[in-house]
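Structure first, then comments.
Read-outs: derived from the displayed coordinates by stated rules, not from any lab. Since the structure is predicted, the reported quantities are computational estimates derived from the model, not experimental observations. Glycine also receives a Cβ, built like all others from the backbone with ideal geometry; neighbour counts cover every protein chain displayed.
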Amino acid sequence: MNINFNTDLTWRDIAWRLALVAATVAIIVWFMPRDNRLNFKVEIGKVWRYNDLTSTFGFPVYKSDSTFQREQAEALRNYEPYYVFHDEVCGQQEQLLMAHIQQVSPGLSRQFLNEVRGRLRSLYQEGILDTLEPLTVNGDTVLMLRRIDDREATSVNVADVHTAMQAYEALMATPELADYAELLTKLNLNDYLVPNLIYDHERSQASLDELRRSVPNASGVVQAGQKIVNQGEVVDQEKFLVIDSYLRKLEEHNDNRTGITTTLAGELLYVLLIISMFTVYLHLSRRDYFDSLRSIAMIYSLVVIACVMSSFLVSHILLHIYILPFAIVPIFIRVFMDSRTAFMAHVTVILICACQLQRPMEFIAVELVAGMAAIMSLRELSSRSQLFFTAVVTMLAAMLTNVAIFLIRSGSLTLMDRSEFTYLGFCGIIIFCSYPLLYIIEKGFGFVSDITLIELSDMNKELLRRMSEVAPGTFQHSIQVGNLAAEIARKIGANPQLVRTGALYHDIGKISNPIYFTENQPGGISPHQQLTCIESAQIIISHVTEGLKLAAKHNLPQQIRDLISTHHGQGKAKFFYIKYKNDHPDEPVDDLLFTYPGPNPFTKEQAILMMADAVEAASRSLPDYSEQTIRELVNRIIDSQLKDGFFRECPITFRDVQYSKTILIEKLKTIYHTRISYPEEKK
């Protein structure tokens, strides 16, 4: 197959296409998760239902928090805070106390003074603690401390040292001083019992940190490429710790700015490649969609919305990815466009979303099968029951694919996660309930669905009911044209429902002046006899512009309005045009006075309607309805339309035109077949 990239694109066309691709990629990547976090639930004693997990890098296996804290607590039981012993404090306080005693009670015995001095020295020698720092660690009381004397550290039992209060009580409890208790109370001994063991924060903290570092937080190492856990394997305590350690290392990597940058670059490249391929497909194979702003806006909007919803679900670890109705994207595109474009858009969405998951292959398989089932089951959407059928088929296809993949992976259904079926069931319900979204898409992007066309074809609609009352001949003509055009459309691959509905409305402009049109004239009386050819032509031509006004007033879809404006194209009101030329052979003729405003048909449906309308109207004037006269009429009218260039701007082929001729001939033969005459009863 040869692919031709040579097109008549202008720089402006290329610019907005590039902008479209860039905007789509930017929005999708903006919402994609920026980390490689594994989004699965890990439980001890539960079966590992995910793919085999293999380490992509080496990492330590961290101990559980409880184990690590217990080992640290055991290590910290050996903690000994450092206290510096200040020997000079004793001498200073002794002198102050002796001076105070001489001042308060001079003349005391030397024995008393020596006893007080000796007991005070004994207490200071044992050590009086600085109590600003509590003797606890992690809530437990310290049993030993390190006493620093002249840079020599010795371990001392905490019970062998005193606080200021304990020293005071010990001094007051000295048996040799019992007779002087009242005097000692007056001396305020607390003022002379100050700490001489001062807490050394720097040495103590260093000792504490060293003890904590002595307890390793890892119990082993996993090498890069080593299998962590197999699918279907029970997660025990040991495997749980390995998986948890792997996740912690991944989070550390995600916190790294370089890791975030490389992840972003990879996401940009991946999404850009996929969106670019999809854009190239539209450019080469569906140029009519790609040249239509509303078509391209709808396609890319659906792709972006689906990808953003998936990213939000994955980033916030909400529910299960299977609850998102990805099949809605191909369903909506299939309703308004074609199956191939629907499938390509679905593949684009699935490939982008799969890179965010831990089980991408299973996700791709399940969603691709579901999307294909949705496309094949929805040939057309003309009733809500068809959407229900599609939802059921899509749901069953996804569930069966999920079962098949699990059987291939594990070989047993006993370990299967039943919750996935619940999510797929909810997804089917969401698809069935998406009918209102179809209406929003239709109105938001200017499309028209078969359901809307069927509703517009209801004969109780105001315009059709009014036409049947005011212009019954035109009404019957429109019905006949609709039947003929729908049959042609069905044969050559156009939209039969669109052309049938358009045929019902193509002559609604005749409601304004019904009597001026032959099919509505009773008894063959024509008001044109009182008018000039130009006036008559203007009235005939005006049924197109009047029809467009009525269509706008009643909010008919743009596709119907296009059928109204193109069913005569830029042809002429030939009866009055030829009559005027015959009556004025020597005068120049202003062709614009006899020409319809157009434009000429630019879709298959518009070309079909033009052929069916002209042939059906002309067939009413045939003198007889033999096969030869019908064939000659059809060939003459359609060949004339081809010669006048009415179909140059629409994608209809000579083969389609030939099929159209054949169908029109056969149908007209059936409509105007010869009936047998009933015999009269003899009297």
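In the chain, Cα pairs under 8 Å separated by at least six residues give a relative contact order of 12 percent. Descending by average beta-carbon neighbour count within 10 Å, the peptides 441-448, 72-79 line up as 441-448, 72-79, the highest first. Report note on the peptides 657-670, 597-610: ranked by the mean count of other C-beta atoms within 10 Å, highest first, their order is 597-610, 657-670.
Computed from Cα atoms, the angle from the helix 110-126 axis to the main principal axis of the chain rounds to 30 degrees. As a calculated quantity, the FRET efficiency between Leu273 and Gln223 at R0 = 41 Å, using C-beta atoms, amounts to about 0.80.
Bridging of Lys63 to lysines at a Cα separation below 25 Å is possible for Lys41, Lys46, Lys227, Lys239, Lys249, once same-chain residues fewer than 8 apart are set aside. Based solely on its DSSP helices, what 222 nm [θ] is calculated for the chain when runs of n ≥ 4 H residues each add -39,500 (n - 2.57) and the sum is averaged over all residues, nearest 500 deg cm²/dmol? After summing the helix terms and dividing by residue count, I get -19500 deg cm²/dmol.
If the limit is 30 Å between Cα atoms, which of Lys574/Lys669; Lys461/Lys579; Lys443/Lys669; Lys643/Lys667; Lys461/Lys643 go over it? In this structure, Lys461/Lys579; Lys443/Lys669; Lys461/Lys643 exceed 30 Å between Cα atoms. Taking the centroid of alpha carbons for each part, the stretch 57-110 and the stretch 491-538 are 111 Å apart. Using C-alpha pairs under 8 Å with a sequence gap of at least 6, the mean separation divided by the residue count of the stretch 458-582 gives a relative contact order of 24 percent. Extension gain, Ser109-Gln476: 0.36 nm per intervening residue step, less the Cα-Cα distance, totals 117.8 nm. Among the trypsin sites (Lys or Arg not before Pro) in the stretch 140-186, those placed in a DSSP loop whose Cβ has at most 13 other Cβ atoms within 10 Å are Arg151. Using Cα centres only, tell me the gap between the stretch 346-413 and the stretch 123-148 in whole Å. Taking the Cα centre of the stretch 123-148 as reference, the centre of the stretch 346-413 is 71 Å away. Taking the longest Cα principal axis of the chain as reference, the axis of helix 472-492 is set at about 60 degrees. Each label point is 7 Å from the Cα along the Cα-to-Cβ direction; what then is the distance between the points at Lys443 and Leu143, in nm? Here the answer is 8.1 nm between the modelled labels. Placing +1 on the Cβ of every Lys and Arg and -1 on the Cβ of every Asp and Glu, with nothing else charged, gives the chain a dipole about its Cα centre of roughly 3520 debye. A Förster distance of 51 Å, applied to the separation of the beta-carbon atoms of Gln558 and Thr422, puts the FRET efficiency at 0.75. Under 5 Å between amide hydrogens, built in the peptide plane, is the criterion, and for Val137 it picks out Val142 among residues at least 5 positions away or on other chains. Label-to-label distance for Lys549 and Gln166 is 10.9 nm, based on points extended 7 Å past Cα in the beta-carbon direction. Here the stretch 189-343 is assigned +1 on the Cβ of each Lys and Arg and -1 on the Cβ of each Asp and Glu. Its dipole about the Cα centre then comes out at about 940 debye.
Scalar couplings 3J(HN,Hα) for the stretch 166-180, obtained by applying the Karplus form with A = 6.51, B = -1.76, C = 1.60 to θ = phi - 60°, are 5, 5, 4, 5, 5, 5, 5, 8, 5, x, 5, 9, 4, 6, 10 Hz; x denotes Gly and Pro.
For volume of the Cα convex hull per residue in Å³, several values are listed as (1) 351; (2) 184; (3) 294; flag the one computed from this structure. Working out volume of the Cα convex hull per residue in Å³ from the coordinates points to (1). Here the relative contact order of the stretch 386-483, from alpha carbon pairs under 8 Å that lie six or more residues apart, stands at 23 percent.
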